[in-house]
Structure formats: C-alpha cells, structure tokens
Amino acid sequence: IHGQYFHLLGHWVVNSISLFSTLRLQGDFDNNTAWETWKELLNRHPMLRSRFLVPEDATRFKDYQIEILNNPNPPEIPVTDNRHLDSETQEQTIANEHLISDALGCHTVLREFMEIYRARTNNEQPNLPPATTVAEYQQIVQSMNAWQDAESEKAFVEYTNRQGTDSYLWNPANNKITSNCPEFHNRRYTLTKETTTALISQTREWRLPTNSLLLAAFTRTIAKLEQSDNKSILLQVPTGGRFYPEADATNVVGSFAQNLSIDIELPSRAEGWETLLNQVHQKVQQGIANNYDRTQTRQMAIAFRDNIVLENGKIPTRMLPMYRQVLKSNLYTPFTGQTQIEKQYGDLEVIDYRAGGINAPGTIDILQEIFDDRLQFQASYDSGFFPESVVNQLMEEYIA
C-alpha cells in the first residue's frame, strides 16, 4: 500500500514506528484455546502472516517484497506472571509495527481474537465477517495505489504552497531534541460516561463530527499554553485511508492510515466556540473533499519508493538526520472513534483497554478512542523532550 512507505521510512529513521494495544481480562483463560484462536486469526488476515523480504543488494524501497505465509503455525504463547511487579512495570508493552496495521486494524485484531476465543470456548461459530483472502487484499491494494486525480494534485500543490515549508514545533519547555531513538511514555486520561454522552449529543445538535469538536478544543488548549509568538499552529490529523472509489478496506487489517497537516489560526481568549468550530471543521472537510490526504500519501510513497537511496537494503546512517526533518508538526491528534470492543466475551470480562504508540523524536501523539462508552485520551510522548508535568498540564487543560 502506498501508505506503508511512510512507515517504512519511519522504521529505519527512528528504529520503530509502533503501535500497541492491550486488554485486561478477568476470568479463566485457557492458553491452548488462545493459541488456536491466534492461528485462526492469522489465517483471516494476509497482513498478519506477512513478512518483508529485503534483498541484500536492495538500492530502493521498490526492491522490497512482501511474502504472505500459508497457514503458519504461531509460536507458543509465553505466559508471564507479573503480579509481583508494580503497576508501572506491569504496563511495559510489546509493540506492533505500524507497517503491519494501523490503529483501526488493531481494533479489528482485538475484537476478532476475543470473539474467536469466545466461540471456541462455547463450541460455536464466531460471529464475524468473512475472512480476507489474499486475492481480495491484493485487489484492494491495487485499486488504492492506482488512484490518481489531476484536480486533487493541483489543489494540493496550492494548499502546500500556502502553508509554506516551515514546520511547527510545540516546545513549551524550550528543550532540544537530543535522541534519535526517543523513549516514549504513555499516559491515559479518561472522561466519564456522562461527559462522553453529553459531548456526542452536542455534536448532533451542532451537526459536527466528534473529531471537529476535539480538534477545536485542542486548538484552544494550545492557544492558552503557547509561549511563542506563533499566530497559528499545524496539527497532524490522521485519516482512515480505507475508502477509495474502487476499494473499501473495512474490517481489513493493514496499514491504511493517512494524514492531513492542517494549519489553524490560534483563537483569542474572547473568541467564541462557534467561530472556532466552524473554522476547524471547514479545514478538515476541505482537506478530505480535495483528497489532500490521498494525494499526499501517493506523492510521498512514489518519492520514497523510487528516490531514497539504500545501501545493503537500509537507509545509510549518515542520511538519517535529513529524513528526521520531514515532519510538518510534532502534534498528532488521531481520533479512531468507537473501538467496538465488548465488555463481555462469554465468561471473560474485559475490565480494561489501553493503546498507544511510538512516534518520531520530539512528538506527542494523542490517540483518542471510545471504549466502554468513555472517551479515552492515550498520550504517547517523547519523554526526553516533553517533561511529564508539561504533558499533564496539556491534557488537563484539554479535558477541561
């Protein structure tokens, strides 16, 4: 998929562009059933049984290949008793490469694993959509990669010219990025069910998507905390990337996510909500309607695929600093909506859900999702650049 090339670059530039998702379960859990469930899940999604083949003499990313394994046997599932550890140590996580799956794909993986496990425990057939065949996956990828629109290309050039070449760095602590391999920490902030319900109800009244409301609130938060003379900010707003005129990747596990870089004028303290909401909503809608995310993904993919020079299949170390400068903004605000992960699967209760990721140095990535009817903000941040106190101040102001 074109969208994978950005994450392929990120894999080499920061050693990992990763996602993690975890469930905390209560009840009897059978490891043998889990292994059979895992095996069945792998055979439902080609990307989950795929690996990248990198020829030793590869000089471009286009030399890479993906091999899809046929009916693989997963390794034994390790079981680690961590009850004696403190809560922070318990939450050490295993990363899932963004090359394999985006956040929506992670939802699918967790939902289907739990449903398959439930069905196996009860000797039933799982209530799931049909598995994705290799041919179907190839057709989706080919259709997405074949998309091109001349009007969208022209509009995107005009849009990026207006934005200019400057990047935006939110840096209230006046720190410097000192590590190429940042240590990311993750903190979760959760709204009550009552507040979440009220917010969603308000979006219906205003006829705005929840994403626009969240972006406006986040913009107002940055306006309160911004210490520089910036009159506007740039936000990285991930989009699904799953719907094209000839392709629909709903329930398909893969790395489809794309990105909009939107510039927003910082509101004054006296500016009303209605003006800011409409401004933010129009920015996002303009980007989606004009296919900025699709066009950017296509252009970057072709440039990365054909032009980045590799040595022995890897980006030369001396070139890494240059590629670390390509980010337009260090603020990411993805909203993935309802996880659709149930609270109960047979005798197993899902008592907690966590997610997050690893991004580029100097970034904060706030994954916003709804689980158990509560809006969760999972803030993953470069702890060497952002002090924990700054992240807490940002998130508490945002929630307020």
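The values are calculated or read from the model by the stated rules, or taken from the named source; none is laboratory data. All of these numbers come straight from a predicted model, not from anything done at the bench. No Cβ is skipped: glycine too gets one built from the backbone with ideal geometry, and neighbour counts run over all protein chains shown. Ligands, DNA and RNA are excluded from the accessible area calculation, which covers all protein heavy atoms including side chains. Shrake-Rupley method; radii C 1.70, N 1.55, O 1.52, S 1.80 Å.
Listed here are the residues, each with its yes/no results for (1) free of Cβ contacts under 8 Å to residues at least 12 places away in the same chain; (2) out of contact with any strand residue (DSSP E or B) (no Cβ under 8 Å at 6 or more places or on another chain).
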| site | (1), (2) |
| --- | --- |
| Asp306 | no, yes |
| Val309 | no, yes |
| Thr317 | yes, yes |
| Thr333 | no, no |
| Thr336 | no, no |
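Scanning segment 27-78 for residues that are farther than 30 Å from Ala119 by Cα, open to solvent by less than 80 Å² (accessible area, probe 1.4 Å) and of a type in the set (S, T, N, Q) gives a single hit, Thr59. Give Ala301, Ala217, Ala289 a once-over and let me know the one that is small (Gly, Ala, Ser), surrounded by 15 or more Cβ atoms within 10 Å (Cβ to Cβ) and within 22 Å of Ala150 (Cβ to Cβ). Going through Ala301, Ala217, Ala289 in turn, the sole match is Ala301.
So that you can scan it fast, the table gives a plain yes or no per residue for (1) in contact with a helix residue (DSSP H, G or I) (Cβ under 7 Å, 6 or more places away or on another chain); (2) at pLDDT 95 or above:
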residue	(1), (2)
Thr339	yes, yes
Lys343	no, yes
Arg354	no, no
Ile358	no, no
Asp372	no, yes
Gln378	no, yes
Gly384	no, no
Ser389	no, yes
Glu397	yes, yes
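The strands (runs of 3 or more DSSP E) found wholly in segment 322-394 and carrying at least 2 residues that are open to solvent by less than 10 Å² (accessible area, probe 1.4 Å) and within 22 Å of Cys181 (Cβ to Cβ) occupy 348-358, 364-371, 374-382. Of the residues examined, Ser152 is one that is over 26 Å from His11 (Cα atoms), in a helix (DSSP H, G or I), open to solvent by less than 40 Å² (accessible area, probe 1.4 Å) and of a type in the set (Ser, Thr, Tyr). State whether one or more residues within segment 117-136 are open to solvent by 40 Å² or more (accessible area, probe 1.4 Å), touching a Phe, Trp or Tyr at 6+ places or on another chain (Cβ under 9 Å) and at pLDDT below 95. No.
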